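Chemist: Okay, here's the structure, questions in a sec.
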Amino acid sequence: MGVEGIGASVVRKEDRRFITGKGRYVDDIKLQGMTHAHFVRSPHAHAKVKGIDSSAAMKMPGVVGVLIGQQIVDDKVGNLICGWAISSKDGSPMKMGAWPAMAPETVRFVGQAVAVVIAETKNQAKDAAEAVVVDYEELQAVPDIRAAIKPGAPQLHPEAPGNVVYDWHIGDEAAVKGAFSKAANVVTLELTNNRLVPNAMEPRAAIAEYNEAEEHYTLYTTSQNPHVARLVLSAFYNIAPEHKLRVIAPDVGGGFGSKIYIYPEEMVALWASKKVRRPVKWTGDRTEAFLTDHHGRDHISKAEMAFDKDNRILGLRVKTHANFGAYMSLFSSAVPTYLYATLLSGQYVIPAIYAEVMGVYTNTTPVDAYRGAGRPEASYLVERMMETAARQLKVDPAELRRKNFVTQFPYQTPVIMAYDIGDFGASLDAAMKAIDYAGFAARKAKAKSEGKLRGLGFSCYIEACGIAPSKAVGSLGAGVGLWESAEVRVNPVGTIEILTGSHSHGQGHETTFAQLISERLGVPISQVQIIHGDTDKVQFGMGTYGSRSLAVGGTAIIKAMEKVEAKAKKIAAHALEASENDIVIENGEFKVTGTDKSIALPMVALAAYTAHNLPDGMEPGLKETAFYDPTNFTFPAGAYICELEVDPGTGKTSFVNFVAADDFGRLINPMIVEGQVHGGLAQGIGQALLEAAVYDSNGQPVTASFMDYAMPRADDLPSFKLSHTTTLCPGNPLGVKGCGEAGAIGASAAVINAITDAIGNNKLEMPATPNRVWHAIHG
Amino acid sequence: MTVNGQPQSHDVEPRTLLVQFIREHLLLTGTHVGCDTSQCGACVVHIDGRAVKSCTMLAGQAAGSSVTTIEGISKGDELHPMQAAFRDNHGLQCGYCTPGMIMSAIDIVHRYGGKLDEATVRHELEGNICRCTGYHNIVKSVLDAAGRMKVSQAAE
C-alpha cells in the first residue's frame, strides 16, 4: 500500500471546506430573481379538503402566487410512485392509494401539503400561508397498525380495502410446520420495532429554475441519488424529458435514507418555477422534517423458534405487520419484504423459515428506508430471539449462537440470500475478548453489591449490502437496475477526475475513491478529483444507499481504471519501444520490467492527447467508462456486545462498555470506516434507548421537534471500542462489503439484551426509557 | 456590529434573527440552521467571545457586539487548532453540524482550559446535535484541540 493507497487512514480531502464554513449546501445557493415557497399543510391526520380560499393571501405583501392541489392535478403532474412492485400471497398486486404532490381532495397525514405560497421573501411566503383559508371536513383517523386492520376501521384509500397494502410471504410454510412438530423446545417472542425519524441535520431543500428559451429545468436538491430523481421526475411525474432537466445535489448534510426519495416539495418547486417564471426555493424547517421526511421501522412482530434437544435451530416462523403510513413511498414496499424477511436467517443455520408480512396504511407520515432499512428489524428480531432462547434453554448466549453459526460458505438460506463468505466465530471471539466476557460474572456481582443491576447483551448481526444483481432484483419487482457507473478521466497534464454515480453526503467518497486511484497509479490523492451529484456531469448513476457506494460504485471505478491502465500501457510501451506485456505501473511510472526504462504518467497522458506518436489505429485521449453490475449482495457481519448498569431506583441505564467487532472485508480507509460504525451505533443505541415517533389516537404527531423527540446527545452515548476481523468479499475485486449501516443494524438488540439481562425481565420494548425500565423492574 | 472584524451596518426587518442576518444579508453561509427550537446548535457563533446560538437572538440585539463566525476563526490559510483537530480526528462527516460544533468547542476549551475530560466534553456538548459521528470522534477532537490550544497560547 502507498501512503495514500488502500488501507491508509488519510484525513479527508473534503474536510477543509466543511471546517472553514465553505461547504455549499442547497440553502446556501441564491439565484438571480429567486422567489421563496412556503407550503400550507394539513393540521389534520385525515380530512376532506372542501375548499381553499387564497384571495386574502394573494393580496399580502410580496406574494407572487398561490398554487393549490387541484392545479397540479389539472396540469397532469404524475402521482407519486412506489418503485418496487410486491404481490400478495394470492398473487394480487399491492394496493396503491393515489398520491398527488399536493392534496386536491383528501389529506391523510398531518403535514400533507394542500397549497403553496410563492413570495419574494421567505417571511412573506410564511405570512401569506397563514392567510390561506382551507375548509376541512375532519374524518376519523387511524394512526395505529392494529387499529387500522380491525373491521370497521376508517378506510384511507378506496384502492386498498381494509387498509392492507399487501399480505406477502416468503419461505416454506409446510417445512416450518414439520420442524415445529419435531421440536424439543419452542421459544416465542413478541416485539415492536419503534418508528424513527431519520433527522439528517440538514433539513431538505430544493431550488428549481426554469429556462423558458431552452425549455429546460435545473433542480438543486438535497438528494442521495440525483440521477434517480431526474429519471422519476421525468418518466413518472412528467416534469420534463430527461435531457431538459438537470438535477444537482451539491453538499448534502446527511441522508440516512431520507434523501433517497423524490418528495412533493421538489415536484412542486419545479412545476411552480415554470408557472411563476422565476426560480423557486424551498427550505424545510425541522418541524416540516418531522412531519414529511419519510420515517423508518415501525413493525410489530410475533416470532417462534423451534430447537431440537441439542439446542440446534430447526425452524423459524415470523408474522410481521409493517406500518407504511398514509402513502407508499418510493422504495417502501421492498423494505419489510426483500430487505427484511430475507435476512431472518441471521448468522445461523435455520433449515426452515416462513415469514408473513402484512403492509398497512395508517394516517401517519409515509415510512420507507432508514439506515439499515429492514435489516435492523430482522437483526433485532433474530438477536432478541437468540438471547431469549438462551435464557429459556438455560445455556450461555454466546455458546447457543456459536453452536448454530453458519460455518460453511457459500451458504444458501431458505429465504433467498446466499451468503458468500464470513467467519462469524472470529467476530464473536474478538468481541468477547474486547469486553472481557470471562470477567463479567465478577463485575456483575460487584455491581450488585453496590446496588446496581449489571447486564450484558450480544448481537451477532448480518446484513446484505450493495443490493444486486439488476436481473435478480428486477425479477423480484424492482423498477430500476442496481448497478453503478464510473468514468476515469486522465487529463493531459496527468491529473485525474473520477466521475461517479454514487453520492457523498458524509461518507467521505472524495477521499476513499481517490485512494483507489492512488493505490493503482501511485499518484497523490491531491491530484485526483471526485465529481458527483450533477446529472449534467455524470452520465448516470444509482446513487448512495444500502452501503453500496464502495462495493458497487468503487468497483465501477476499478473497472474503468483497468481500461485506462490497459490503454496507458499500450501508449507507454509504444513510447518506450517495449512490449505492452512488459510494462508495470509503479509509483506513477510506467516501467519496462527488468530495465531502467520508464515514462511518467503525465507524459503518457500528454502523449494520449497530443496524439503525435500513438500506436497505429489508437484513438487519442485517455478516458474510460464502466458500468458495473454485481453478481450478488455483499454480507458484512459482526458481533456487538453491550455491558451496562441499570439503577433500580430510577430505571436509568448507564453504559459500562460497548464493543463492536465487524467484518467489512478489505478496509480502504479504516478511519472513515470506524467513523461510519460510530454513527451507526449511535443510531442503533438511539433507537434502543431514546427515539420514538409518537402519534396520539387522532393521528397528531406528539414528537415533531427536537424538544419532544429524543435525539442522542454526546452525553447519552459511550465511547466505542471497535475491532475488525476480515474475510474478503469474493464478489468484487476490492474484496469490500460495505460499512455504512452495520452499527444501526446490530446495536439495538445488544442494548436491549443487556438491559433485559440486567433486570431479569424480557418484557421490555424500545425505546427503553428510564420510565419503561423502572416499570419492567417493579411491575 | 462587527462580524469577523468587519464593521457591518444594514437595515433589516425587526424580526430578522441573527442567523438569518449572517446567512442571508452577509452571505456567510457557514453558520447553519438545523432546527427551529434552539436545540441543535448548528448556528453557534461567538458574540464578544462567548458561544451563542444565533437563532436565539434578533440581529438587532447583536448591535454593537463583536460577532465571530466559522469563517472568521482561521488566520488566513492557517486553521484554528480546533478546525485542525476536527480534520485530524475525523470529527465530521456530512459537515452540517460542524461549524456550530467547532464554535461551541472553542468556547468549552476557553472555559475549562486544560481541565477538560471526556465526561465534561460530552456534558458540555449537550446543546449540539450531530447525526453522523456518534460524537466519538468529536469528543476526541475537542480533547485533542484542548492540548493544541494550550500549546498555541503558550507560543503566543
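Every read-out reported here was derived from the displayed coordinates using simple, explicitly stated rules and does not represent laboratory data. This structure is a prediction, so every number in the text was calculated from the model and none was measured. Note: ideal-geometry Cβ built from the backbone for every residue, glycine included; neighbour counts use all protein chains shown.
Chemist: Show me, for segment A:448-463, the HN-Hα J-couplings you get by feeding each phi into the Karplus relation (A = 6.51, B = -1.76, C = 1.60, θ = phi - 60°), rounded to Hz, glycine and proline as x.
Modeler: 4, 5, 9, x, 10, 9, 9, x, 9, x, 9, 8, 9, 9, 9, 9
Chemist: Specify which residue in the list A:Asn771, A:Thr407, A:Ala98 is farthest towards the positive end of the charge dipole of chain A, using unit charges on the beta carbon of Lys, Arg (+1) and Asp, Glu (-1), about the Cα centre.
Modeler: Towards the positive end, the residue furthest out is A:Asn771.
Chemist: Now for a different question. Please give the average number of partner chain Cβ atoms lying within 10 Å of the Cβ of each residue in A:120-129, rounded to a whole number.
Modeler: Numbers: counts 0, 2, 2, 4, 1, 0, 0, 0, 0, 0.
Taking the mean over all residues of the peptide, I get 1.
Chemist: Let me ask something additional. Give me the net charge of A:His503's neighbourhood, meaning all other residues with Cβ under 14 Å from the Cβ of A:His503; Lys, Arg count +1, Asp, Glu -1.
Modeler: Values: positive: A:Arg230, A:Lys259, A:Lys537, A:Arg548; negative: A:Glu14, A:Glu202, A:Asp251, A:Glu484, A:Glu510, A:Asp534.
That sum, taken over residues with Cβ under 14 Å, equals -2.
Chemist: Can you pull the one-decimal nm distance between simple spin-label points at A:Ala600 and B:Lys150, each 7 Å off the Cα toward Cβ?
Modeler: Spacing of the two 7 Å Cα→Cβ label points: 4.4 nm.
Chemist: Still on this structure, I have one more. Please give the length that would be gained between B:Ser9 and B:Lys115 if that part of the chain were fully extended, namely 0.36 nm times their separation in residues minus their C-alpha to C-alpha distance (nm, one decimal).
Modeler: Result for the pair: 34.2 nm of gain on full extension.
Chemist: So, one more: Please tell me the relative contact order of segment A:521-623 in percent, rounded to the nearest whole number, where contacts are Cα pairs under 8 Å and at least six residues apart. Could you put the intermediate results ahead of the total?
Modeler: Details: 93 pairs, mean separation 23.2, N = 103.
Value for segment A:521-623: 22 percent.
Chemist: Follow-up. For the ranges A:692-705, A:319-332, what's the packing order if you count other beta-carbon atoms within 10 Å of each residue, average per peptide, and put the highest first?
Modeler: Working: A:692-705: 17.6, A:319-332: 25.3.
Result, highest mean first: A:319-332, A:692-705.
Chemist: What percent antiparallel are the DSSP beta bridges of the protein assembly as shown, to the nearest 5?
Modeler: 80
Chemist: Using DSSP to call loops (not H, G, I, E or B), can you name the trypsin sites (Lys or Arg not before Pro) in segment B:1-77 whose Cβ has at most 14 other Cβ atoms within 10 angstrom?
Modeler: Working: sites: B:Arg15, B:Arg23, B:Arg50, B:Lys53, B:Lys75; in loops: B:Arg15.
When the trypsin sites (Lys or Arg not before Pro) of segment B:1-77 are filtered for loop state and at most 14 Cβ neighbours within 10 Å, B:Arg15 remain.
Chemist: For segment A:489-556, with only Lys/Arg (+1) and Asp/Glu (-1) charged at the beta-carbon, what is the dipole magnitude about the Cα centre, in debye rounded to 20? Present the calculation step by step, with values, prior to reporting the outcome.
Modeler: On the way: 4 positive and 5 negative charges, 27 e Å.
Using only the charged Cβ atoms, the result is roughly 120 debye.
Chemist: Tell me which of A:Gln124, A:Val349, A:Met386 sits at the most positive position along the dipole axis of chain A, charges placed on C-beta atoms (Lys, Arg +1; Asp, Glu -1).
Modeler: Value: A:Met386.
Chemist: Continuing with the same structure: Does anyone have the angle between helix B:98-112 and the longest principal axis of chain B? Alpha-carbon axes, 0 to 90°, nearest 10?
Modeler: That works out to roughly 70 degrees.
Chemist: So how far apart, in nm, are the two label points at A:Asp696 and A:Ala56 if each is 7 Å from Cα heading toward Cβ?
Modeler: 2.5
Chemist: Rounded to the nearest 0.05, what FRET efficiency do A:Asn185 and A:Ser475 have when you use their Cβ-Cβ distance and R0 = 35 Å?
Modeler: Working: r = 38 Å, r/R0 = 1.08.
Rounded to the nearest 0.05, the efficiency is 0.40.
Chemist: Moving on. How big is the dipole moment of segment B:2-72 about its Cα centre under a simple scheme where the beta carbon of each Lys and Arg is +1, that of each Asp and Glu is -1, and everything else is neutral? Debye, nearest 20, please. Intermediate results must be reported in sequence, preceding the final value.
Modeler: Details: 4 positive and 6 negative charges, 34 e Å.
I would put it at about 160 debye.
Chemist: To the nearest Å, what is the center-to-center distance of segment A:732-779 and segment A:245-281, using C-alpha atoms only?
Modeler: Value for the Cα centre distance between the two parts: 36 Å.
Chemist: Calculate the spin-label point distance for A:Leu393 paired with A:Ala98, positioning each point 7 Å from the Cα along the beta-carbon direction, and give it in nanometres.
Modeler: 5.4
Chemist: Set Lys and Arg Cβ to +1 and Asp and Glu Cβ to -1, take the dipole of chain A about its Cα centre, and tell me which of A:Thr631, A:Ala749, A:Val480 lies farthest positive.
Modeler: The residue sitting most towards the positive pole is A:Ala749.
Chemist: Next question, about the same structure. Among A:Lys30/A:Lys76; A:Lys48/A:Lys89; A:Lys13/B:Lys140; A:Lys652/B:Lys115, which pairs are too far apart, with a Cα-Cα distance over 26 Å?
Modeler: A:Lys30/A:Lys76; A:Lys48/A:Lys89; A:Lys652/B:Lys115
Chemist: Would you mind counting up the charge near A:Asn194? Only other residues with Cβ under 9 Å from its Cβ, with Lys and Arg at +1 and Asp and Glu at -1. Let's see the in-between values first.
Modeler: Values: positive: A:Arg195, A:Arg297; negative: A:Asp298, A:Glu691, A:Glu765.
Within the 9 Å Cβ shell, the charges total -1.
Chemist: With N set to the residue count of segment A:278-320, report its C-alpha Rg divided by 2.2 N^0.38 Å to two decimal places. Present the calculation step by step, with values, prior to reporting the outcome.
Modeler: On the way: Rg = 22.4 Å, N = 43, 2.2 N^0.38 = 9.2 Å.
Relative to the rule-of-thumb radius for its length, segment A:278-320 sits at 2.44.
Chemist: Still on this structure, please answer the following. Please give the peptides A:57-69, A:584-596, A:672-684 ranked by average Cβ packing (other Cβ atoms within 10 Å per residue), highest first, as a rough proxy for protection.
Modeler: Working: A:57-69: 19.2, A:584-596: 14.4, A:672-684: 26.9.
Descending packing order for the listed peptides: A:672-684, A:57-69, A:584-596.
Chemist: Taking the number of other C-beta atoms within 10 Å as the exposure measure, put A:Glu643, A:Glu215, B:Glu124, A:Glu562 in order starting with the fewest.
Modeler: Details: A:Glu643 25, A:Glu215 11, B:Glu124 21, A:Glu562 15.
Starting with the residue having the fewest Cβ neighbours, the order is A:Glu215, A:Glu562, B:Glu124, A:Glu643.
Chemist: Using the per-residue mean of other Cβ atoms lying within 10 Å as a proxy for protection, in what order, highest first, do the peptides A:748-760, A:381-393, A:144-156 fall? It would help to have the intermediate numbers written out before the result.
Modeler: Numbers: A:748-760: 26.6, A:381-393: 22.3, A:144-156: 15.8.
In decreasing order of mean packing, A:748-760, A:381-393, A:144-156 become A:748-760, A:381-393, A:144-156.
Chemist: Here is a follow-up. Give me the inter-chain shielding for A:193-200: mean count of other chain Cβ atoms within 10 Å, whole number please. Walk me through the intermediate numbers first.
Modeler: On the way: counts 0, 0, 0, 0, 0, 1, 5, 5.
Across the residues of A:193-200, the mean count of other-chain Cβ atoms within 10 Å is 1.
Chemist: Per the Kirkwood definition applied to all pairs of different Cα atoms, how many angstroms is the hydrodynamic radius of segment B:81-155? Please report the intermediate quantities before stating the final value.
Modeler: Values: mean 1/r = 0.0836 Å⁻¹.
Taking the inverse mean of 1/r over all distinct Cα pairs, segment B:81-155 comes out at 12.0 Å.
Chemist: Just from its helices, what would the mean residue ellipticity at 222 nm be for the protein assembly as shown, if runs of 4 or more DSSP H residues each count -39500 (n - 2.57) and the sum is divided by every residue, rounded to the nearest 500 deg cm²/dmol? Before the final figure, lay out each step's value.
Modeler: Values: 24 runs with 263 residues, N = 935.
After summing the helix terms and dividing by residue count, I get -8500 deg cm²/dmol.
Chemist: Report the extension gain between A:Phe236 and A:Lys563 in nm, rounded to one decimal, defined as 0.36 nm multiplied by the number of residues separating them, less their alpha carbon distance.
Modeler: Details: separation 327, 0.36 × 327 = 117.72 nm, distance 3.55 nm.
Additional length available on full extension: 114.2 nm.
Chemist: Just counting partner chain Cβ atoms within 10 Å, what average do the residues of peptide B:134-146 show around their Cβ?
Modeler: Numbers: counts 20, 12, 13, 6, 2, 4, 1, 1, 1, 0, 0, 0, 0.
For this peptide, the per-residue mean of nearby foreign Cβ atoms is 5.
Chemist: If you don't mind, there's one more thing I want to ask. For a paramagnetic label modelled at 7 Å from the Cα of A:Ile29 toward its Cβ, which residues of segment A:275-297 fall within the zone defined by backbone nitrogen distances under 19 Å?
Modeler: So the set is A:275-285.
Chemist: Where a Cα-Cα gap under 13 Å defines reach, which aspartates and glutamates qualify for A:Lys177, not counting those fewer than 8 residues away within the same chain?
Modeler: Cross-link targets: A:Glu304.
Chemist: How high is the relative contact order of chain A, in percent, counting Cα pairs under 8 Å that sit 6 or more residues apart? Intermediate results must be reported in sequence, preceding the final value.
Modeler: On the way: 1973 pairs, mean separation 123.0, N = 779.
Taking the mean separation of contacting Cα pairs over the length of chain A, I get 16 percent.
Chemist: Only Lys, Arg, Asp and Glu count, each charged at its Cβ (+1, +1, -1, -1), so figure out the dipole size of the protein assembly as shown about its Cα centre, rounded to 20 debye. Could the numbers behind the result be given before it?
Modeler: Values: 87 positive and 100 negative charges, 277 e Å.
Using Cβ point charges on Lys, Arg, Asp and Glu, the protein assembly as shown gives about 1320 debye.
Chemist: Hey, another quick one. So if R0 is 30 Å, what FRET efficiency would A:Glu159 and A:Lys319 give, r being the distance between their Cβ atoms, rounded to the nearest 0.05? List each step's numbers first, then the result.
Modeler: Numbers: r = 24 Å, r/R0 = 0.81.
Calculated value: 0.80.
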